[in-house]
1. A:T148: net charge of surrounding residues, Cβ under 9 Å, Lys/Arg +1, Asp/Glu -1, itself excluded?
2. Using alpha carbon coordinates only, what is the Rg to Rh ratio of region A:171-226, with Rh defined as the Kirkwood radius?
3. With a sphere of radius 10 Å drawn around the Cβ of A:L184, what net charge do the other residues whose Cβ falls strictly inside it have (Lys, Arg +1; Asp, Glu -1)?
4. Give me the tail of P(r) for region B:155-274 as a percent: Cα-Cα pairs with distance above 20 Å.
5. Near A:G161, within a Cβ-to-Cβ distance under 14 Å, what is the net charge of the other residues, with Lys and Arg +1 and Asp and Glu -1?
6. Can you list residues whose amide H is under 5 Å from B:M249's amide H, if they're 5+ apart or on another chain and H is modeled 1.01 Å from N?
7. If neighbour count is taken as other Cβ atoms inside 10 Å, put B:Y75, B:Y204 in order from fewest to most.
Amino acid sequence: MKPEINQSLGEANMARRSFLRYAGASAATVAVMGVAASCKKDRGVTVDGTIDIGSGDIGILNYAYALEQLEAAFYLQVIATPYSGISSIETSYLTDIRDHEVLHRDFFKAALGTSAIIGLTTDFSSINFSDRTSVLSAAKLLEDTGVTAYDGAGYLIKDAGYLTIAGKIVSVEARHAALISNLLVAGSFAASDQVDANGLNKAASIKDVLAGANGFLKTKVSASKF
Amino acid sequence: MNLFEIVDEIEKVDPEIYDRLNPRRAAIKNITSFGSKVAFAAMPFALGTMFKKAYGQTSTAGVIDVLNFALTLEYLEAGFYDKGMKTAGLVPAAGQAYVGKITQDESVHVTFLQGVIKSLGGTPVTAPTVDFTGGNNKGNGPFPTVFSDYKIFLAVAQVFEDTGVRAYKGQAPALLGNQVVLTAALSIHAVEARHASAVRKLRYDLGYDLNTRPWIRSTTTLGNDTGVAVANGNYAGEENVTQGGVNLMTALGASASVATASFDEPLTKDQVLALLVGSFIVS
């Protein structure tokens, strides 16, 4: 993809966000207009290549499934091509995390059944898998994003059972996030980049999370109903 | 009660409070115009209606109960770390960055929860009387050396953190759909999990427990992965390998260790209180 196309994508998204915020039109209207705007502006980018998570609790579960797919793919690569100088305990930690993320991915796929979105194609070209700092920095970004994503989307879940499952996973993601952070900088497990002055972890909206996650995805994911 | 304080407090966890309350945010921000339309005596009622409209069905009393339960746990943790940090010679220099940060977080959790409870018109519970040996005020519980032996101090810390994670998780359904309070509770929950991860890593790094990992690796028969048998109750249920009707081992081929570590399990309020009251919290 050329940079200028990315730029126009960004503008289109920005325009849509502004529109949402200030015009107060119904979500359905905005979604239709958003797609129309994308068609017009994003020449060369096929609209049907983007995967939408859907609506309601299924949408939230697919959102989680998308993020777990991304994390699983990342750690599969990390373990397949370990960075130089990796220690045995780091291998143990990262192998465990890989197994957790693969299981989260497979769990969501099984739980969603026919409602599951397709398998996503990732793009990790920005990561140097032979370099410890590059790998752990990307891991930190993915884990921190996972935590803010679950924290930020929890209130949208309507079914108590699904909320509990999301809760069961988010604390494991937070355990990962803290470990990765500590591997990068000892003692940074709850540093101010992720935890505010009230001792609350940051939370993020679906749109903000996907904007970041899409940077690691060839198959782009959208959330038009949220 | 001051409307600005309440809205400011909520705005910390919900930046869109104004839009939620009223799309014409200027009308809400302008206390004069609001006040002129609502008699002063009717203010609490008007506020209640406003929050109900903005945040859905959960009753304020139920939310305050959850918050006071959380506050009790935070008092316990904050008191524990505060005493640990103030005990000369307990936390070595290398541990200060870890234990100091956790102490600070637990302390601001107390302040934050007290503030939110007051904002919602509730009364924060007072701090419980505690016995960190687990001896119900006799000082002779299972951990008599908790403030003289760093190894024991960190083991108790780990159990407190893991239990805190489970306790917050158990309260989530009671806050279903409540954007402000649920999001805040989930956010504290995540920080407790960060602490648990850090304490576990610290215990590994110091060679206190080379089997420990930042996550809870149970077997199919024993949730507790700490090797401290007296804490079995704190980990009871972590051995669960079925999530949402999917058996992670038989259906997805995960090992017991991976299946249990990938999902942290909740505890109910009654379970948590049974674990703490009469031992760490004096009854």
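1. Its environment carries a net charge of -2.
2. 1.06
3. +2
4. 44 percent
5. Every neighbour counted, the sum reads 0.
6. Excluding prolines and chain starts, which carry no amide H, the hits are B:A254.
7. B:Y204, B:Y75
Here, each number is a calculation from the coordinates, and none is a lab measurement. Values in this document were obtained by computation on a predicted structure and should not be read as measured data. Note: ideal-geometry Cβ built from the backbone for every residue, glycine included; neighbour counts use all protein chains shown.
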